[in-house]
Amino acid sequence: MAEEIKKGLVLLDFWVSPFGQRCRIALAEKGLPYEYSEQELLGTKSELLLRSNPIHKKIPVLIHDGRPVNESLVILNYLEEAFPDAPPLLPADPYARAQARFWAAYSDKVYEVGSRLWKTKGEAQSQARAEMLQVLGNLDGELGEKPFFAGEKFGFVDLALVPFMPWLTPSFERYGGFSVAEVAPRLAAWADRCMERESVAKTLYPGEKVDEFITLLKKKYGIE
Amino acid sequence: MAGEKRKGLQLLDFWVSPFGQRCRIALDEKALPYEYLEQDLGNKSELLIRSNPVHKKIPVLVHDGRPVCESLIIVQYIDEAFSSSSSLLPSDPYARAQARFWADYIDKKVYDCGTRLWKTKGEPQQQARKEMVEILKTLEGALGDKPYFGGDEFGFVDVAFVPFTAWFLTYERFGEISVEKECPKLAAWAKRCGERESVKKNLSPPEKVYEFIATLKKKFGIE
């Protein structure tokens, strides 16, 4: 029989990917069952991955009833809309939604800038450090005294940002020579608060494991 | 009276910005009146810095005194806040995801590669040429034989990409890429969009874009 369409949700992912973790946390928060499919990224990419994301060839990919959705934030928006009966992660008000989308997209910067911290040296690394302090300051300021970014409830921005926390501590902190607890104390407290949620605690790996992974990548890319 | 909340819509923008033009087109498609505020990017206004403290960039949509930043977020906001008029995003969740994916692709690829086309020479420029042709062909593949990216109706992805069609002439002259030759379906789509009032009114004339870039090149000392 020609390839039957697989019903339900499949997530093509890589264990330590913070972008994949965004999706895993969202699926858990929404109580949506799915099949997790670990992908080989450091070697040969699977035919399924290449077929599902021919443009970027990246994870995460959410496959729903055989149809792929790519890009973590697109996946998060899709889950909101395709499963309207599941608990929402975005607020209902259009202005609040625009703010959530803005800050979720901004949180990508933590990974972008953080990667430059371990990939570069000298001037480039100093610049990355300065940018990182700005980014953390902006996030800390936006959070303010609220328990979560949207207020009382854990939501869209929280789950978009929290997977980067084990990359910040200890790795980005050490490479950049700064401390999140010092430069963004409210953010540091917020990270601990998020870890009290089962969906987050079960999905994120400890910072030490992430640090090992970065060391592995450095060796692989021949970065000193 | 000190800092009264201004009612209505204002758009902080810069005339030639394709990102700003996305917002102008969306506002016109939804028949929403707004005040256009041209910004001096060399000497940023207090209003701009206050409205977009994180990026200090245009476009910024200010609605009843509250700012929304980032062009695609602005377009989605316009669609959701003014949902009674015709929708820019499709209603089906999967189609919406596809639309968001392609708009994100355009954001990630087109402007950056286009900038390298006119800012560089020699090997890096050759690389940018190759990449741009690939990007345009990829987008042409996504369009397929449909009149618009979303199907029969002008929508979100069309809004996201159409301002860059005013840059095709600049890509041609500085980057030696003929969109007409490489991607005829895309060129046809550009013409089709150009017949819409919202697009006609808000795109910069291609010659003006070319002049603007030529001036920037001189300013940056790029031959």
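The values are calculated or read from the model by the stated rules, or taken from the named source; none is laboratory data. Remember, it's a predicted structure, so these values are computed and weren't measured experimentally. Quick reminder, even Gly has a Cβ in these numbers, built from the backbone with ideal geometry, and neighbours come from all protein chains shown. Note: accessible area is taken over every heavy atom of the protein model, side chains too, but ligands, DNA and RNA are not part of it. Shrake-Rupley method; radii C 1.70, N 1.55, O 1.52, S 1.80 Å.
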Inset, instruction - Would you tell me the mean number of C-beta atoms belonging to other protein chains that fall within 10 Å of each C-beta in B:93-103, as a whole number? - result: 6
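What is the sum of charges around B:GLU134, taking Lys and Arg as +1, Asp and Glu as -1, for the other residues whose C-beta is under 12 Å from the C-beta of B:GLU134? Don't skip to the end; give the middle numbers.
Values: positive: B:LYS109, B:ARG129, B:LYS130, B:LYS137; negative: B:GLU131, B:GLU140, B:GLU182.
Net local charge, B:GLU134 excluded: +1.
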Legend entry - Two-decimal Rg to Rh for segment B:47-107 - Kirkwood Rh, Cα set: 1.03
Legend entry - At least 50 Å² of accessible area lost relative to the chain alone, listed for segment B:57-71 with a 1.4 Å probe: B:ARG66
Legend entry - Convex hull (Cα only) mean projected area of the protein assembly as shown, reported in nm² to one decimal: 23.9
Inset, instruction - Output the peptides B:78-91, B:22-35 sorted from most to least packed, where packing is the average of other Cβ atoms within 10 Å over each peptide's residues. - result: B:22-35, B:78-91
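Which of the trypsin sites (Lys or Arg not before Pro) found in segment A:81-114 are loop residues per DSSP with 10 or fewer other Cβ atoms within 10 Å of their Cβ?
Values: sites: A:ARG97, A:ARG101, A:LYS109; in loops: none.
Filter output for segment A:81-114: empty list.
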Inset, instruction - Apply the Karplus parameterisation 6.51 cos²θ - 1.76 cosθ + 1.60, with θ equal to phi minus 60°, to every residue of segment A:28-44 and state each ³J(HN,Hα) to the nearest whole Hz, in sequence, with x for glycine and proline. - result: 5, 4, 8, x, 9, x, 7, 9, 8, 10, 5, 9, 7, 9, 7, x, 9
Inset, instruction - With viscosity set to 1.567 mPa s and temperature to 4 °C, compute the Stokes-Einstein D of chain A, Rh being the Kirkwood radius across alpha carbon pairs; µm²/s, no decimals. - result: 71
Inset, instruction - Of all alpha-carbon pairs in segment B:74-198, indicate the percentage at a distance above 26 angstrom. - result: 23
Inset, instruction - Convert 4 °C to kelvin, take the viscosity as 1.567 mPa s, use the Kirkwood radius over C-alpha pairs of segment B:99-144 as Rh, and evaluate the Stokes-Einstein diffusion coefficient in µm²/s, rounded to a whole number. - result: 118
Inset, instruction - Please state, as a whole number in µm²/s, the translational diffusion coefficient that the Stokes-Einstein equation yields for segment B:1-117 at 25 °C and 0.890 mPa s, with Rh defined as the Kirkwood radius across alpha carbon pairs. - result: 161
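Determine the calculated [θ] at 222 nm for chain A from helices alone, applying -39500 (n - 2.57) to every DSSP H run no shorter than 4 residues and normalising by the residue count; nearest 500 deg cm²/dmol. Kindly include the intermediate steps, with their values, before the conclusion.
Values: 11 runs with 123 residues, N = 224.
So the calculated ellipticity at 222 nm is -16500 deg cm²/dmol.
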Legend entry - Rounded accessible area per residue of segment A:1-69, 1.4 Å, Å²: 50
Inset, instruction - Grab every C-alpha pair in chain B, bin the distances at 5 angstrom width from 0 up to the longest one, and report whole percents. - result: 1, 7, 14, 18, 19, 17, 12, 8, 3, 1, 0, 0
Inset, instruction - Sort out for me the Cα centre separation of segment B:127-173 from segment A:191-224, rounded to whole Å. - result: 38
Inset, instruction - Mind putting together the pair-distance distribution for segment A:130-224? All Cα pairs, 5 Å bins, whole percent per bin, short to long. - result: 2, 13, 23, 23, 19, 11, 6, 2, 1, 0
Inset, instruction - Determine, at each q value in 0.17, 0.22 (inverse angstroms), the log₁₀ of I(q)/I(0) that the Debye formula gives when each Cα of segment A:47-129 is one equal point scatterer. - result: -0.87, -1.03
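Using a 10 Å cut-off around each Cβ of peptide A:133-141, what is the average number of partner chain Cβ atoms that fall inside? Walk me through the intermediate numbers first.
Working: counts 0, 1, 1, 0, 0, 3, 1, 0, 2.
Other-chain Cβ atoms within 10 Å of each residue's Cβ, averaged: 1.
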